[in-house]
């Protein structure tokens, strides 16, 4: 009887885990939603449809999720003017590099800034000027800065009230995992949707293994 009860408990835990994971599978990363809404202003942009890839690469290399798009805006107006045969929307290495795909450009640009020694000072200071002096390389810099600052600020201001409410409603229906039972279901669900969008000037990168929610900017 004890063995039978143990098996039932194990199957119950497995069922709860699957239910949780299936629910999270439908949950959206609201940072990608913000990028998607921002790119609606540029219907011709080849970056539309690559929102999740942009967020993935940002998390992988520890950079702000808006940074790639800000560079693409400064270099090619989000893909309006760039050498299509190279898929180089960010002017990577002075625009000389040829990429096989837009995704490869997203990946390599994010990796360059997030890992190479050229941008070590920028990663320490989080000062946008430290990035621009290295990435652009030659003056003038002010216009480049304004273009990047525009994208960073506008993405942050994209409203996601409806999406956030939908995500909260979804998470409220999910059971809290056993490991989180000590803090209670309400506290667990609260922790799931309090991930805040990174303030670029502070540049504190936070990551959630399952769901990340950008800050609400009505």
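Nothing in this text is a laboratory measurement; each read-out follows from the coordinates by a stated rule. The structure displayed is predicted, hence computed values, not measured ones. Methodologically, a virtual Cβ is constructed for each residue, glycine included, from the backbone with ideal geometry; neighbour enumeration extends over all protein chains shown.
When each of 84, 77 is scored by the number of other beta-carbon atoms lying within 10 Å, the sequence from fewest to most is 84, 77. Taking other Cβ atoms within 10 Å as a rough exposure proxy, 33, 138 sort from fewest to most as 138, 33.
Each label point was placed 7 Å from the Cα along the Cα-to-Cβ direction; for residue 77 and residue 44 their separation is 0.7 nm.
The distance between label points at residue 162 and residue 52 comes to 2.1 nm (points 7 Å beyond Cα on the Cα→Cβ vector). Per-residue extension of 0.36 nm, minus the Cα-Cα distance of residue 149 and residue 85, leaves a gain of 20.2 nm for this segment. Note on segment 50-95: Kirkwood radius taken over Cα pairs, Stokes-Einstein applied at 37 °C and 0.692 mPa s, translational D equal to 301 µm² s⁻¹. Taking the three principal axes of the alpha carbon atoms in segment 28-75, the coordinate ranges are 28, 27, 13 Å, sorted in descending order.
With neighbour counts taken as other beta-carbon atoms within 10 Å, the residues 36, 110 rank, fewest first, as 36, 110.
Could you tell me which of rounded, prolate or oblate describes segment 34-157, using a ≥ b ≥ c as the square roots of the eigenvalues of the alpha-carbon gyration tensor, with rounded for a/c under 1.5 and, failing that, prolate when a/b is larger than b/c and oblate otherwise?
Numbers: a/c = 1.28, a/b = 1.20, b/c = 1.06.
Rounded.
Our summary gives segment 34-157 a relative contact order of 27 percent, counting only alpha carbon pairs under 8 angstrom and 6 or more residues apart.
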